[in-house]
Amino acid sequence: MSYGGFDVSQLYTDYYTAGQKSTVKPTDPDAVKANNNTFKPSTSAKWVKETKTYTLKAAVKLRTGASTSSSVVAILPAGTTVKTDQAIIQGGYRWVRQPRFNGYGYLATGPASNTLEYVNSGVTHMYYTVKPGDSWWSIAQRNGLSMTTLANQNGKTIYTTIYPGQRLVVR
């Protein structure tokens, strides 16, 4: 994404230190006794897969990384629908990653104490019941979707057979 004349999609890189062990070995026994701090490997939070659709309750800043110090790409207004693929809790917030045409955007869904404060997570879906003669194409056309989008939001592919009586999410 071009922002202020430069490509911000390249600004975010994951830096993790989980599992690294200290290679420093004190050689002076008195220094070891004097230092009561025991080194423990960092237990950094890890991204988890989360394919969800959220509707924002409030305006939320879309950022170049999962941190309040990351640059703001846009401010998403209340009512915006956001599709995510991963989530993490770090820096006192629950963050989600939004795939975008040129990389990813990151937004907080709420503080760690109330991780979904900024979003309605119970997005209501509209369903369609498959009738004899229906196809991915005909259902997608009736609902203003592509076949791929329709299939994906139902956890299927366009090559999956659909049957009369089956309920599909169309919104």
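The values are calculated or read from the model by the stated rules, or taken from the named source; none is laboratory data. Please read these numbers as outputs of a predicted model, since none were measured by experiment. Note that we place each Cβ from the backbone using ideal geometry, even for glycine, and neighbour counts take in every protein chain shown. Just the protein is used for accessible areas: all its heavy atoms, side chains included, with ligands, DNA and RNA removed. Shrake-Rupley method; radii C 1.70, N 1.55, O 1.52, S 1.80 Å.
Computed values, structure above
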quantity	calculated
Theoretical FRET efficiency, 1/(1+(r/R0)^6), r = Cβ-Cβ of K156 and T80, R0 41 Å, to 0.05	0.95
Which of K46, K156 is most accessible, then next, and so on - probe 1.4 Å	K46, K156
With DNA, RNA and ligands ignored, accessible area of L56 (1.4 Å probe; Å², nearest 10)	10
Accessible heavy-atom area order of Y159, Y54, highest first, probe of 1.4 Å	Y159, Y54
Simple spin-label estimate for N102 and Y127 in nanometres, 7 Å along Cα-Cβ	4.1
Set K52/K131; K57/K156; K61/K83; K57/K83 screened for pairs whose C-alpha atoms are more than 19 Å apart	K52/K131; K57/K156
Solvent-accessible ranking of V72, V169, largest area first, probe 1.4 Å	V72, V169
Two-site FRET efficiency, N120 against T148, from Cβ-Cβ distance with R₀ of 30 Å, rounded to 0.05	0.70
